[in-house]
Ligand SMILES: Cc1cc2nc3c(=O)[nH]c(=O)nc-3n(C[C@H](O)[C@H](O)[C@H](O)COP(=O)(O)OP(=O)(O)OC[C@H]3O[C@@H](n4cnc5c(N)ncnc54)[C@H](O)[C@@H]3O)c2cc1C
């Protein structure tokens, strides 16, 4: 064991550079010969582009070039792809409309890129972009997914009649219908999962460099998965073959999913670098980010759940419309299907489930995976349903959940997932004790005496992360495998470099990944460095999203460590004159028990590289690579209990207590895990109470800045009470489940269930703004009074 | 931002000269409103005339009242001993504006000249019957604030000082817009020598206004219940993403009652 090993709250090693302003982000990079890109963007939600006149822009001092869509297509730059093929229930493939990095003849959302100006300065590019005259013929637009599917709605893509991308189903429709028909009670619920803007602190940025001598490209960019970016840029967009393209994602300031995708701007910068012979930099402004970063969520759902007399769930039927925006982004089609409907069983033993998901194009920015990606939408539905059902049946909420909990594992749900381990009653007990649920009636009475309405809400969430077994996701339509790779290099002096295909953009990998190495070999954490984010350094990688860096990324490191250990044993056995299986590796030494013989870690390194005396036939060096493909998803689960006070005069909701009992499996660094929960819950509170992207009927973005889009601030969130209830995940070597998204997945229904408990009406949508809460209260008192 | 010429005159006269000379010149105070609008290309002055060195900053007690220089920042007003002694309510209004960075740059002159319909000072100045002094005249708050971002200021006219007399009692209750934290509804209740004044910001379609119904009710009985009982009409109130006119109308009575309770 090491003082910096598994389970220790080691301070984040990367924070020295972040907190002292020495992080190196994409926009910090300065290239020789650097020019700047500014995009000309559509002010219309839907229009035909009939002409582009760049003459006035080109006359501006310092303007190098103005490039447009037709030139991009002529140069053979391919359309932007979506990476997961979904098949409709009638067997038809999904309908994917063309998406060119720069529009050729039509724009489909406000912010759609039409042209790019390359100029000597950032301001010069931006000012000249305003002078590019684009002739638009406006077309009717539709912004809501459900409206887009109605007859007569404006049509976005010829290949997708009725704006329908796919009409997909999962589960057994007949069995579910029969269960509902026979149920003692059927509970109905309609709800919307509000559309969110991801708002990473660092806006997207790209610097593209082209070396004409080698015809080699380098792209520095804000990516969560640089190898995937390189793969897609070369295989599909034909920017350059993989061996002629290096992608570097240096320090990245938050992603939350929004930096998984390869956006039009990065493709355009690479192409523009080749066209202009200049290095090309683009950095998004905050208003551009609201307009062009892939949004999250945006579902409209109706559902029915059947119960028997004993309050046991008999069936669950779900109809969802997912708004995918104007084009299919990289994971957009997987998010509302395999990442959503496969979690509709929640923590409950449900014999029959059927879900139908229709995905719609609309004149809005593309929607894709955002912290939680599908699982928050599933959890919000299941957990609001459970609370609604308890209220309708007059049952105690915790009791209804308890009665339906899955108790034995493995558990095969009717919607693909096979849960491997968990302790759902234990999570609930732990949360209820920590939240002092027993004392709630007294707290409610005390609040009432102050004129405040106090409410308590539960959410028992489960999610699937550690994505994913490559064969399984391949069978479901994924375009890639979802393994991870790692390389462990022991240097001749004994220091260690871990090269990982995971990418850290706030998760603290430089600390936690080093902890598992220090733990395994007992070497000082200072002697270990973690390298990531550069396709020239790291062998390969699938990147960081879906809380996979622990369960998949660290598992790959464990496999590389296994291989190194095997070699170290053989070297040590040879030099110490023992058997490999007898060697003990601890405290940075290899020892032969029963003797006083040992080798220090640096002596092993030196022996491996001098190769003066290695076992017969052994290759010199000490460096091993592993590719780890998970055997299953992992299933973090937990109970969140939220307590709120509502001011009935104004509708203001204050969260007075928030309690989490999470089961993340093995915890490597409890401090970092707690931080992930804090951040995730803050985002969930944001979704529940504050955040919503709003487009008007004409497709204009009304929440284009922080004046109107409400991000949670420090005083919007409480001090959290966080506890753990770990069951070890049997599916990976360290027993980890993942913690990156749980907070955002589990918290919204806890908050809304608490607010509806406080105000005594279930009719409330997210975000529960003061006005909506006031309207719900007024509506409950006198339906006509509210408007 | 478009290229712009920056001037830093040393006197009001020089500033006026510079503003008159160039048609597209604009005065620059704390820049908290002007600079963001320039960055978004919503404003494009050819020149900025920074008022920082014109001697317009500072707070003076005078004849029982206060004279506040236009360039005095929100933070200075919030921390001022003079304000605390003579007009504590104004310090509280200032302390509730924006965030610390905004309060350390933003000025009272810039705020009143800008007359943002959701700004806090306009309600305070209207209810307190402030007089707004410019380089050429003195205007009553009532005459000065004309509508959305509109004031009685003429082309090139500069606000130099704000004159305030202490009320018998006064309090301000602000309901912040959850996103911007400007006033969604802000109500200043004051009892001045002339009577009860209730000024409302954040809510009016035409900017800050006085509410006659609330004034009459509070004139009859100065209690929170009297304010809460007034049925405020939504007619003429703003409606947007964050609040319907009906919700704003409701909040006006609630905030008025809370202000009365705090008086
Ligand atoms: C994040 C943020 C939050 C904010 N929150 C609030 C809030 O909660 N409540 C609130 O009331 N305000 C708020 N504000 C606005 C803030 O108070 C501004 O400081 C104020 O509106 C303008 O003052 P300024 O000194 O910055 O003026 P500037 O931005 O420099 O100027 C504003 C306008 O007034 C003109 N001007 C400036 N001074 C004079 C003068 N002496 N004579 C004539 N014209 C002049 C300028 O030419 C310009 O047109 C916020 C601002 C920001 C950025």
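Report the Stokes-Einstein translational diffusion coefficient (µm² s⁻¹, integer) for the protein assembly as shown, Rh taken as the Kirkwood radius over Cα pairs, at 20 °C with viscosity 1.002 mPa s.
Reported coefficient: 68 µm²/s.
I'd like the FRET efficiency for residue A:177 and residue A:698, computed as 1/(1 + (r/R0)^6) with the beta carbon distance as r and R0 of 35 Å, rounded to 0.05.
The value I calculate is 0.35.
What number, in percent, do you get for the relative contact order of region A:483-628 if the mean sequence gap of Cα pairs under 8 Å and at least 6 apart is divided by its residue count?
On the way: 283 pairs, mean separation 47.6, N = 146.
Rounded, it is 33 percent for region A:483-628.
Please report, in Å, the Rg and the Dmax of region B:138-263, where both are computed over Cα atoms only.
Rg and Dmax of region B:138-263, Cα atoms, are 14.9, 46 Å.
So what's the gap between the Cα centers of region A:61-91 and region B:173-219, to the nearest angstrom?
Centre-to-centre (Cα) distance: 53 Å.
Between region A:449-490 and region A:278-310, how many Å separate their Cα centres?
Their Cα centres are 16 Å away from one another.
Give me the number: length gained by fully extending residue A:475 to residue A:121, i.e. 0.36 nm times residue separation minus the C-alpha to C-alpha distance, one decimal in nm. Could you put the intermediate results ahead of the total?
Values: separation 354, 0.36 × 354 = 127.44 nm, distance 4.84 nm.
So the extension gain works out to 122.6 nm.
On a 0 to 90 degree scale, rounded to 10, what angle separates helix B:245-262 from the longest Cα axis of chain B?
That works out to roughly 80 degrees.
Whole Å is fine, so just give me how far the alpha carbon centre of region A:346-369 lies from that of region A:662-703.
Taking the Cα centre of each part, region A:346-369 and region A:662-703 sit 19 Å apart.
Could you list A:601, A:774 so that the one with the fewest beta carbons within 10 Å of its beta carbon is first and the one with the most is last?
On the way: A:601 23, A:774 26.
By the 10 Å Cβ count, ascending, the order reads A:601, A:774.
When the Kirkwood radius is taken over all Cα pairs of region A:37-171, what Stokes-Einstein diffusion coefficient follows at 25 °C and 0.890 mPa s, in µm²/s?
Values: Rh = 16.6 Å.
Translational diffusion coefficient: 148 µm²/s.
With a Cα-only, solvent-free Debye model of region B:5-50, what are the log10 I(q)/I(0) values at q = 0.16, 0.26, 0.29, 0.32 Å⁻¹?
Log10 of I(q)/I(0), two decimals: -0.39, -0.92, -1.06, -1.18.
If we restrict to alpha carbons, what Rg and Dmax does chain B come to, in Å?
18.1, 57
Other chains near A:512-520: what is the mean number of their Cβ atoms within 10 Å of each residue's Cβ?
0
Nearest 0.05, what FRET efficiency do residue A:184 and residue A:409 give at R0 = 22 Å with Cβ-Cβ as r? The partial results should precede the final answer.
Details: r = 28 Å, r/R0 = 1.29.
The calculated FRET efficiency here is 0.20.
Translational D (Stokes-Einstein, µm²/s) of region A:389-453 at 37 °C and 0.692 mPa s when Rh comes from the Kirkwood sum over C-alpha pairs? Mind dumping the intermediate values first?
Working: Rh = 14.5 Å.
D = 227 µm²/s.
Seen from all sides and averaged, what is the projected area of the convex hull of the Cα atoms in region A:1-107, in nm²?
Working: hull surface 62.8 nm².
That works out to 15.7 nm², a quarter of the Cα hull's surface.
Hey, what did region B:59-164 get for relative contact order, percent, Cα under 8 Å, at least 6 apart? Let's see the in-between values first.
On the way: 180 pairs, mean separation 30.5, N = 106.
Relative contact order comes out at 29 percent.
How long are the three semi-axes of the equivalent ellipsoid of region A:644-686, in whole Å, if each is the root of 5 times an eigenvalue of the C-alpha gyration tensor, listed from largest down? Walk me through the numbers before you get to the answer.
Numbers: eigenvalues 175, 19, 10 Å².
The equivalent ellipsoid of region A:644-686 has semi-axes of 30, 10, 7 Å.
What span do the alpha-carbon atoms of region A:483-628 cover on each of the three principal axes, reported in whole Å from largest to smallest?
That gives 47, 27, 23 Å along the principal axes, largest extent first.
Mean separation of Cα pairs under 8 Å and 6+ residues apart, divided by the residue count of chain B: what relative contact order is that in percent?
Working: 594 pairs, mean separation 38.4, N = 263.
Here the relative contact order equals 15 percent.
Fewest to most neighbouring Cβ within 10 Å: what's the order for A:18, A:627? Each step should come with its number before you reach the end.
Working: A:18 14, A:627 18.
Ranking A:18, A:627 by Cβ neighbours within 10 Å, fewest first, gives A:18, A:627.
In what order do B:247, B:182, A:706 fall by count of nearby beta-carbon atoms within 10 Å, going from fewest to most? Can you show the working numbers first?
Numbers: B:247 28, B:182 19, A:706 15.
The fewest-first ordering by Cβ neighbours comes to A:706, B:182, B:247.
Under the classification rounded if a/c is under 1.5, otherwise prolate if a/b is larger than b/c and oblate if not, where does region A:416-537 fall, given a ≥ b ≥ c as square roots of the Cα gyration tensor eigenvalues? Show your work: numbers first, answer last.
Numbers: a/c = 3.04, a/b = 1.87, b/c = 1.62.
Prolate shape, in that a/c is at least 1.5 and a/b is the bigger ratio.
Show me, bin by bin at 10 Å from 0, the whole-percent P(r) of region A:244-387 based on Cα pairs.
For region A:244-387, the binned pair fractions read 10, 33, 26, 17, 9, 4, 1, 0 percent.
Determine the shape class of region B:59-164: with a ≥ b ≥ c the square roots of the Cα gyration tensor eigenvalues, call it rounded for a/c under 1.5, and otherwise prolate if a/b is greater than b/c, oblate otherwise.
Details: a/c = 1.63, a/b = 1.23, b/c = 1.32.
In terms of gyration-tensor shape, oblate.
Every number in this text was worked out from the coordinates using simple rules, so none of it is lab data. Just so you know, these numbers come straight off a predicted model, no measurement behind them. When we count neighbours, we look across all protein chains shown, and the Cβ atoms used for this are built from the backbone with ideal geometry, even at glycine.
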